[in-house]
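The values are calculated or read from the model by the stated rules, or taken from the named source; none is laboratory data. On a predicted model such as this, the values are computed, not experimentally measured, just so you know. In this analysis, Cβ positions are derived from the backbone assuming ideal geometry, glycine residues included, and neighbour counts consider all displayed protein chains. In case anyone asks, the SASA skips ligands and DNA or RNA and just uses the protein heavy atoms, side chains included. Shrake-Rupley method; radii C 1.70, N 1.55, O 1.52, S 1.80 Å.
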Amino acid sequence: MPRDRSWPMERWCCCDLWQRCLNRKLNSREFAAAHDLQLPHLYWSGHRLARLPIDNLPEHVVIKPSWGFGGHGTYLLSGTMDLVSGREWKRADLHKKLIQELGPVQRFPYMAEEMLTTEEGAYAQGVEYNFYMFAGHIGAIMPIQRHRSSFAHYSMYNSDWSPISSPWLTSLELGSAQPAPTSLIEMCEAAQCLGAAVGTFVRVDLYSTSNGVVFGEFSSTPRSNNLTQFAHEFLGRIWEEKIPELS
């Protein structure tokens, strides 16, 4: 279970709006690890894609950029199958494709990390739990279930898992209600710990796996162009209530 502990925050609090550096996934991993969150194992990261050891990576692995959103450029490889696109890949062919399309040297590093299991222990596109945090206060929880790259659905809940029925996003389909994850209490504690450490609005992405709660990433402006008017007003009210000094 994550715990609050003394940590040299001066490393991060170097300037105004320092929290934005957490949008870089390698930075967010370091920050979350310093607050005792469990992370996917990092097999490799680097700017030079030619050095990606693709033939030596595990059967189940995620290859993704360290900067970006919406899963762009992400591959969830289960053997030769990419679970995002549903396409079969020889790994050498995928490696060649990445270098040809992206170039040999990346401005931001690419990463190869552990593919997480679902709560049942399956290697699949599991549910991603997005916690909308206002410092240490949970504003809302959005579980997202992806079905290949072209389709996903979401639902919305308060911190006690009571449903928020009004549509939240214009870009994804609102799905039916679903049961709370088995690790909801631990996930809420983890999100509150990280939210308090960040000290402002941030979305904290977590996964409930067969090995417990695992950190995903941060987002400081999550889907800001795709929020409904209801969502803007909902979040605005919580912002004014919980962190009015940052308005």
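Below, the figures for the structure above:
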item: Test: residue 217 is under 21 Å from residue 135 (Cα atoms), of a type in the set (Asp, Glu) and touching an Asp or Glu at 6+ places or on another chain (Cβ under 7 Å); result: yes
item: Matching residues, the range 161-183, being farther than 22 Å from residue 121 by Cα and modelled with pLDDT of 95 or more; result: 161, 162, 163, 164
item: Breaking point among (1) over 23 Å from residue 19 (Cα atoms); (2) of a type in the set (S, T, N, Q); (3) out of contact with any strand residue (DSSP E or B) (no Cβ under 7 Å at 6 or more places or on another chain), for residue 200; result: (1)
item: Residue check for residue 120: in contact (Cβ under 8 Å) with a residue 60 or more places away in the chain, open to solvent by 60 Å² or more (accessible area, probe 1.4 Å), closer than 30 Å to residue 161 by Cα and not hydrophobic (A, V, I, L, M, F, W, C); result: yes
item: Residues of the range 213-245 satisfying the condition of being exposed (fewer than 12 other Cβ atoms within 10 Å of the Cβ) and under 23 Å from residue 21 (Cα atoms); result: 224, 225, 244, 245
item: Residues of the range 65-91 that turn out to be open to solvent by 60 Å² or more (accessible area, probe 1.4 Å) and either among the charged types (D, E, K, R) or touching a helix residue (DSSP H, G or I) at 6+ places or on another chain (Cβ under 8 Å) (or both), as a count; result: 5
item: Top-ranked residue in the range 21-35 [being of a type outside the set (S, T, N, Q), surrounded by 15 or more Cβ atoms within 10 Å (Cβ to Cβ) and touching a residue at least 12 places away in the same chain (Cβ under 8 Å); ranked as farthest from residue 107 (Cα to Cα)]; result: 35
item: Any hit, the range 200-209, residues being farther than 25 Å from residue 63 by Cβ and either assigned to a helix (DSSP H, G or I) or of a type in the set (Phe, Trp, Tyr) (or both); result: yes
item: Strands (runs of 3 or more DSSP E) completely within the range 39-156 that count 1 or more residues being over 30 Å from residue 236 (Cβ atoms) and of a type outside the set (Phe, Trp, Tyr); result: 42-48, 60-65, 75-78, 105-114, 137-147
item: Of all residues making up the range 92-111, the number that are aromatic (Phe, Trp, Tyr) and open to solvent by 30 Å² or more (accessible area, probe 1.4 Å); result: 1
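The rows are residues; the columns are (1) open to solvent by 30 Å² or more (accessible area, probe 1.4 Å); (2) of a type in the set (Asp, Glu).
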position	(1), (2)
113	no, yes
152	no, no
170	yes, no
206	no, no
